[in-house]
Amino acid sequence: MKESQTPWEAIGAYLNNRSDKASEAIIKTWLKEVPENIQLFREIVDTSYLTRQQPTAYQPDTEQLWAELMTRIQPSEKKPKTRILRYLKYPAVAAALIIAFLCGQLLTPTPEQQAESPLTYASLVTEAGQRSQMTLPDGTRVWLNADSELKYASNFNSQNRDVYISGECYFEVSKNLHKPFIVHANDLQVKVYGTHFNVRESARQQQSEVTLVEGKVEVLSPENQSLSYLSPGEKLTLRENRYSVKKEQNPLAQIAWTQGVLTFVDQPFEEVVEYLENWYGVSIQLDQALHNNHRYTFKVKTESLREVLELISVITPIRYKIDGEQVYISMKKS
C-alpha cells in the first residue's frame, strides 16, 4: 500500500491562518486517504492549541509534546502500538476542523467561537507550614503565605488580569495602564495598575486586610462598590461589612513573612495563635481566659515553636503542651 505523506506545509499554513483553497484541498484529500490520518490530524491540532494557550506558569513541556507526536508519525520498523492521547484538551476543536475539511466547508474559527471554549484555571495552593512564590504570565510576582490559594484563568493577560485568592498573598504587580490587575477575595476586591500590596483574609477573625506598600490601590466590595483608595503605608481592615483605614508605622512588618520572618506588633494573643498555627502547621487550643487579655510585639525568624512558646511564657504566665501537631495553651495557676 502506498505510504500516505503528511502535508506539513498545508497544515502549518492552516494553523497559522495562512491557508488558501489549494492547501485546504490538499488537507481534505489527505484526510480521506486512510483513517489513521484523521486521528493524526486530531493530535496535531490538539498539540498546537495546547502549546499556544496554556498559562505560562504551568506550561507543559511543549518540546516533549511535539517530540512524542513526531516519534509516533515517523516511519518505524517496529510494530506500531496503540497510544491513548493524554493531552487531548481540545477534542471538540479538532473534531470540528476534521468535519469541516471532510465536508469541504473549512472556516476559520470566529472570535465568538473561540470565546465559547471553556476556561481552564491554574492554581497554586500552600498547606499549613508552607510558603511559596510564583510569577504570573504578565510578570507579576506573588508570594503565598501558609494555608493560602491563588487561582487565575487561561485567558489571564490576554483578556484580563484577574486573580482569585484565599488566605494571604503579597503582590508586586507588573505595570500596565491599559489593563488593571484585580484581586478577588471573599469579602473584597483590590484594583491596581502596578504596585506592591498585601492581602490577608482571616476566616477565624472574620476579617480581611489590605496593606499598601508602594503605589496606589482601590479597594472595592464584591459588588464593585468603591470602598477606599489607599496610599503607601495605609491598611484597610474590613469586618462585618464595616471598614476602617489607618496608617501603619511600619508597613514592611506586614510583609516580613515573605522573607521568612514572622512579625507581631501589638497584636492580641488569639491573632498570634492563628499565625503560629499556619506558620508551624499545628493546631493550637487556647484557653478562653487568655483571649483579649494580652498583646504581643516580637519577631520569629528561625526559632522553633517550643522556643516561641517559651518566649511567650516569659511575658505571660502560661503553660503549654505540644503533642505532635496538637498544642494546648492555658493560663498558669498561681
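The values are calculated or read from the model by the stated rules, or taken from the named source; none is laboratory data. As the structure is a computational prediction, the values presented were derived from the model and not from experiment. So basically every Cβ, Gly included, is an ideal-geometry build from the backbone, and we count neighbours across all protein chains shown.
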Original post:
If you scan the range 275-294, which residues turn out to be touching a strand residue (DSSP E or B) at 6+ places or on another chain (Cβ under 7 Å) and assigned to a helix (DSSP H, G or I)?
Top reply: Y275, L276, E277, W279, A289, L290
Subject >> Residue, nearest to L262 (Cα to Cα), within the range 118-167, restricted to residues that are in a strand (DSSP E or B) and polar (S, T, N, Q) >> reply: S132
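Among the residues of the range 212-224, is any more than 20 Å from Q130 (Cβ to Cβ) and over 27 Å from the mean Cα position of the chain (by Cα)? Step through it out loud before you land on a result.
Within the range 212-224, the subset more than 20 Å from Q130 (Cβ to Cβ) is 212-224.
Next, only the ones that are over 27 Å from the mean Cα position of the chain (by Cα) stay: none.
Within the range 212-224, not a single residue is more than 20 Å from Q130 (Cβ to Cβ) and over 27 Å from the mean Cα position of the chain (by Cα).
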Subject >> Criterion violated by I255 - all others in (1) surrounded by fewer than 12 Cβ atoms within 10 Å (Cβ to Cβ); (2) under 30 Å from S228 (Cβ atoms); (3) among the β-branched types (V, I, T) satisfied >> reply: (1)
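If I ask for residues that are part of a strand (DSSP E or B) and crowded, with 16+ Cβ neighbours inside 10 Å, which ones from the range 208-227 would you list?
Initial filter on the range 208-227 (part of a strand (DSSP E or B)): 208-214, 217-220, 226-227.
Of everything in the range 208-227, those that are part of a strand (DSSP E or B) and crowded, with 16+ Cβ neighbours inside 10 Å turn out to be S208, E209, V210, T211, L212, V213, V217, E218, V219, L220, L227.
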**OP:** Please name all residue pairs, on different chains or six or more residues apart, with Cβ atoms under 6 Å, provided the first residue is in the range 310-322 and is surrounded by 13 or more Cβ atoms within 10 Å (Cβ to Cβ) and the second residue is β-branched (V, I, T).
**Re:** I318/I329; Y320/I329
Original post:
Just wondering, is there one or more residues in the range 243-252 that are in the same structural domain as R131 (by TED's automatic domain parsing), under 26 Å from K175 (Cα atoms) and either in contact with a Phe, Trp or Tyr (Cβ under 9 Å, 6 or more places away or on another chain) or among the hydroxyl-bearing types (S, T, Y) (or both)?
Top reply: no
Original post:
Residue check, V210 against (1) β-branched (V, I, T); (2) more than 26 Å from N157 (Cβ to Cβ); (3) at pLDDT 95 or above, all met but one. Which one?
Top reply: (2)
**OP:** Taking V272 as meeting all but one of (1) of a type outside the set (G, A, S); (2) buried (at least 16 other Cβ atoms within 10 Å of the Cβ); (3) assigned to a loop (DSSP other than H, G, I, E, B), write down the number of the exception.
**Re:** (3)
**OP:** Considering each residue of the range 190-199, count those that are touching a Ser or Thr at 6+ places or on another chain (Cβ under 7 Å) and either among the β-branched types (V, I, T) or not in a loop (DSSP other than H, G, I, E, B) (or both), and give that number.
**Re:** 2
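Of all residues in the range 235-255, which are of a type outside the set (D, E) and not in a strand (DSSP E or B)? Explain how you work it out, then say what you get.
Looking only at the range 235-255, we keep the residues that are of a type outside the set (D, E), and these are 235-239, 241-247, 249-255.
Matches in the range 235-255: N241, Q249, N250, P251, L252, A253, Q254, I255.
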Original post:
Going through the range 305-323 one residue at a time, which ones are in contact with a Phe, Trp or Tyr (Cβ under 8 Å, 6 or more places away or on another chain) and either assigned to a loop (DSSP other than H, G, I, E, B) or of a type in the set (F, W, Y) (or both)?
Top reply: T316, Y320
Original post:
Taking N186 and the conditions (1) assigned to a strand (DSSP E or B); (2) of a type in the set (S, T, N, Q); (3) in contact (Cβ under 8 Å) with a residue 12 or more places away in the chain, which numbered condition does it fall short on, given that it satisfies the others?
Top reply: (1)
